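Structure, as structure tokens:
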Amino acid sequence: MTGNSLHDQRSAYYGQLTEQRLAPLWESLHNLVPKAPRPQAVPAIWKYAQIRDLVMQAGSLISAQEAVRRVLILQNPGLPGKSAITPALYAGLQLILPGEIAPSHRHTQSALRFIVEGRSAWTAVNGERTTMHPGDFIITPSWTWHDHGNPSVEEGGEPVVWLDGLDIPLIASLDAGFAENYPESMQPVLRPEGDSFARFGHNMVPVRHRVTDPTSPVFSYPYERSREALDALYHNGEPDEWDGVKLRYVNPTTGGWPMPTIATFMQFLPAGFAGKTYRSTDATIYCVVEGRGSVRIGDSEFTFEPHDVFVVPGWQPVSLAAQADSVLFSYSDRPVLSALNLLREERT
Ligand code: GTQ
């Protein structure tokens with residue numbers, strides 16, 4: 001006997017709903033409107049010592065020209081097939097060998113480069129080149145032409161690896177992705193290297209500068225300067241019990257984030273630091289610059305060394321500890337959460 005129990009009646013009814021492209025909210029309400037975030041992204045670490053060889057092997061399997069961007073994507077195991085490290089953000093390790101050019105293009109996705117190793121490559125943004133050094137943070141804002149290159153070995157070129165951070169998944173979720181190629185492999189160089197830093201990188205701006213753009217006119221933030229600031233602050237006072245000494249990167253013309261969708265930070269943890277636990281609705285990707293330590297994220301615990309990358313999903317309790325003086329770079333979707341009034345933080 002079928003068709004009489006409530007369960008059977010509902011099943012038949014749900015079948016009819018599906019045919020009409022309808023669905024009963026009451027079956028999924030608790031998932032759609034959770035009491036607290038339940039991230040699908042999981043805590044994860046990519047140990048550079050384990051993946052560096054694979055990054056370098058890509059160099060002999062495909063050219064930068066053919067690949068356009070020779071990048072290994074860091075895929076969050078909780079977001080399989082999504083090319084995402086968090087629901088909103090992407091991470092990848094890009095390799096450029098001496099003598100190579102990654103051809104010029106532009107896209108609506110915002111990108112950051114955080115230099116991992118090598119010091120000869122350059123990236124060009126809006127007619128200006130900047131040479132990359134380990135620890136430098138470089139932006140390629142939405143819809144700006146950008147190409148990357150590396151001089152030949154004779155001219156001092158060496159393999160260069162950097163971490164790419166983009167808002168690819170966020171832009172995909174909004175169906176707002178556009179891209180185009182520049183007609184040449186390299187855009188013309190219109191200004192000497194260091195020009196934008198001279199104009200905007202010294203707590204001064206050109207006298208009649210008007211802010212018309214939400215992105216920072218400084219496109220390279222040298223490690224030397226960030227490191228110096230952290231060092232001075234460490235010597236000047238007690239580190240924060242959660243963050244150590246932590247600064248955020250700014251657009252010097254607004255005080256806001258360097259780009260509208262991605263926040264970036266640099267922090268110093270002194271040897272012996274055992275940070276308290278905090279959580280926040282922004283999801284954060286860390287790249288270790290110096291030192292050695294460990295991180296607890298929810299129920300996971302990882303030890304970290306230079307060049308390791310780890311991810312803290314939104315609302316996961318996190319605490320950092322350092323065995324040696326450590327420097328961590330990080331980026332997150334904080335500007336998006338903040339703009340939508342969804343940023344919540346808890347420091348316990
Ligand atoms: O360098 O323009 O990792 O367009 C992914 C997409 C890097 C880039 C990535 C990109 C780029």
| said: I'd like the full set of residues that are within 12 Å of the ligand (Cβ to nearest atom), in contact (Cβ under 8 Å) with a residue 60 or more places away in the chain and part of a strand (DSSP E or B), limited to the range 135-147. | reply: ILE138, ILE139, THR140
| message | If I filter the range 57-84 down to residues being within 14 Å of the ligand (Cβ to nearest atom) and of a type in the set (S, T, N, Q), which single residue comes out as surrounded by the most Cβ atoms within 10 Å (Cβ to Cβ)? | response | GLN75
| query | Quick check, is VAL55 closer than 28 Å to MET186 by Cβ and at pLDDT below 95? | reply | no
| request: Filter the range 96-111 down to residues that are near the ligand (Cβ under 10 Å from one of its atoms), outside any loop (DSSP other than H, G, I, E, B) and touching a residue at least 60 places away in the same chain (Cβ under 8 Å), then give me how many there are. | output: 6
| remark: Screening PRO98, PRO159, PRO80 for residues that are over 17 Å from the mean Cα position of the chain (by Cα) and more than 28 Å from PHE310 (Cβ to Cβ) leaves only PRO98
| said: Of everything in the range 113-124, what is within 18 Å of the chain's Cα centre (by Cα), more than 10 Å from the ligand (Cβ to nearest atom) and surrounded by 22 or more Cβ atoms within 10 Å (Cβ to Cβ)? Give them in sequence order. | reply: PHE114, ILE115, VAL116
| query | If only one of ASP167, ASP136, ASP147, ASP175 is of a type in the set (Asp, Glu) and on the phi > 0 side of the Ramachandran plot, which one is it? | reply | ASP175
| query | Quick check: is even one residue across the range 288-302 within 18 Å of the chain's Cα centre (by Cα) and in a loop (DSSP other than H, G, I, E, B)? | reply | no
| Options SER120, SER104; residue that is under 22 Å from PHE329 (Cα atoms) and modelled with pLDDT of 95 or more | SER120
| remark: Picked from the range 31-82 (must be polar (S, T, N, Q) and in contact with a strand residue (DSSP E or B) (Cβ under 8 Å, 6 or more places away or on another chain)), the residue farthest from VAL288 (Cα to Cα) is GLN65
| query | Does ILE51 qualify as being in contact (Cβ under 8 Å) with a residue 24 or more places away in the chain, within 16 Å of the ligand (Cβ to nearest atom), within 29 Å of GLU224 (Cβ to Cβ) and β-branched (Val, Ile, Thr)? | reply | yes
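The values are calculated or read from the model by the stated rules, or taken from the named source; none is laboratory data. Note that the structure is predicted; figures quoted are calculated from it, not measured. All Cβ positions, glycine included, derive from the backbone under ideal geometry; neighbour counts span all protein chains shown.
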